[in-house]
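The values are calculated or read from the model by the stated rules, or taken from the named source; none is laboratory data. Model, not experiment: these values are computed from the prediction. Here the Cβ positions follow ideal geometry from the backbone for every residue, glycine too, while neighbour counts run over all protein chains shown.
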Amino acid sequence: MGQYTIAVVVGSLRKDSFNRQLATALSRLGPDDFQFASIEIGDLPLYNQDNDSHPAASVQRLKAAIAGADGVLFVTPEYNRSIPGVLKNALDNASRPYGDSAWAGKPAGVIGVSIGAIGTALAQQHLRNVLAYLDMPTLAQPEAFIQAKEGLFDADGNVGAGSHDFLQGWMKQYADWVRKHAKKS
């Protein structure tokens, strides 16, 4: 049984982001044959097609991290009923130039947390539309629209008791999805 590397892309730059906390807690629920690597996206330049032939070092780093991963876990907030600009910018930078997308074929999981009752449902739907175009097989079920409320995380930053079983099940489904779709050599 091989080791799977999962690139974790958090769509929030805020240091104390609920989504960053969720990404960390989810990685602790991952199976033993999975390792999770947080991918920095806050230092990327705004995507500009003029730079396709000479991408910034941060873009090269992002593309290499995605290319070296067996799957991608997107953990995103919802801004104005869609995905944050910083996440869209990362998607654009690593998908270009046309025909040289780092995302293509990478199995993806999409999840997020928000203080709103519907979690990040609309952001997740918009993200899924983009991932479909980028040729990323994306886990469809179970959907996970997590509301940030008291008890979601315990004092150690783990998933709290009230959400543990659901999120553990979600991680199991995601791991199975990656095992099914990852292109292992």
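Here are the numbers for the structure shown:
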item	result
Residue satisfying condition, being touching a strand residue (DSSP E or B) at 6+ places or on another chain (Cβ under 9 Å) and either among the aromatic types (Phe, Trp, Tyr) or surrounded by 13 or more Cβ atoms within 10 Å (Cβ to Cβ) (or both), within set Leu62, Leu44	Leu62
Among (1) of a type in the set (S, T, N, Q); (2) within 23 Å of Ile66 (Cα to Cα); (3) surrounded by 23 or more Cβ atoms within 10 Å (Cβ to Cβ) - the single one Thr138 does not satisfy	(3)
Selection status of Asp165, at pLDDT 95 or above and closer than 17 Å to Ala23 by Cα	yes
Members of region 65-84 that are loosely packed, with under 12 Cβ neighbours inside 10 Å and more than 19 Å from Trp103 (Cβ to Cβ)	Asn80, Arg81
Some residue of region 113-127 being in contact with a helix residue (DSSP H, G or I) (Cβ under 6 Å, 6 or more places away or on another chain), modelled with pLDDT of 95 or more and farther than 18 Å from Asp176 by Cβ	yes
Some residue of region 126-136 being in contact with a Lys or Arg (Cβ under 6 Å, 6 or more places away or on another chain) and closer than 23 Å to Ser38 by Cβ	yes
Matching entry among Ala123, Ala94, Ala104, Ala144 (being under 30 Å from His54 (Cβ atoms), buried (at least 16 other Cβ atoms within 10 Å of the Cβ), in contact with a Leu (Cβ under 9 Å, 6 or more places away or on another chain) and touching a residue at least 12 places away in the same chain (Cβ under 8 Å))	Ala94
Number of positions in region 127-157 that are among the hydroxyl-bearing types (Ser, Thr, Tyr) and under 13 Å from the mean Cα position of the chain (by Cα)	1
In region 107-119, residue farthest from Ser82 (Cα to Cα) [restricted to those that are surrounded by 22 or more Cβ atoms within 10 Å (Cβ to Cβ) and without any contact (Cβ under 8 Å) to a residue 60 or more places away in the chain]	Ala108
Test: residue in region 139-155 that is in a helix (DSSP H, G or I), of a type outside the set (Phe, Trp, Tyr) and touching a Gly at 6+ places or on another chain (Cβ under 9 Å)	no
Which listed residue is closer than 16 Å to Ala94 by Cβ and of a type in the set (D, E, K, R), from Asp33, Asp52, Asp16	Asp52
Filter result (among the charged types (D, E, K, R) and under 13 Å from the mean Cα position of the chain (by Cα)) within region 11-27	Arg20
Residues of region 73-113 classified as farther than 24 Å from Phe18 by Cβ and of a type outside the set (Gly, Ala, Ser), total	9
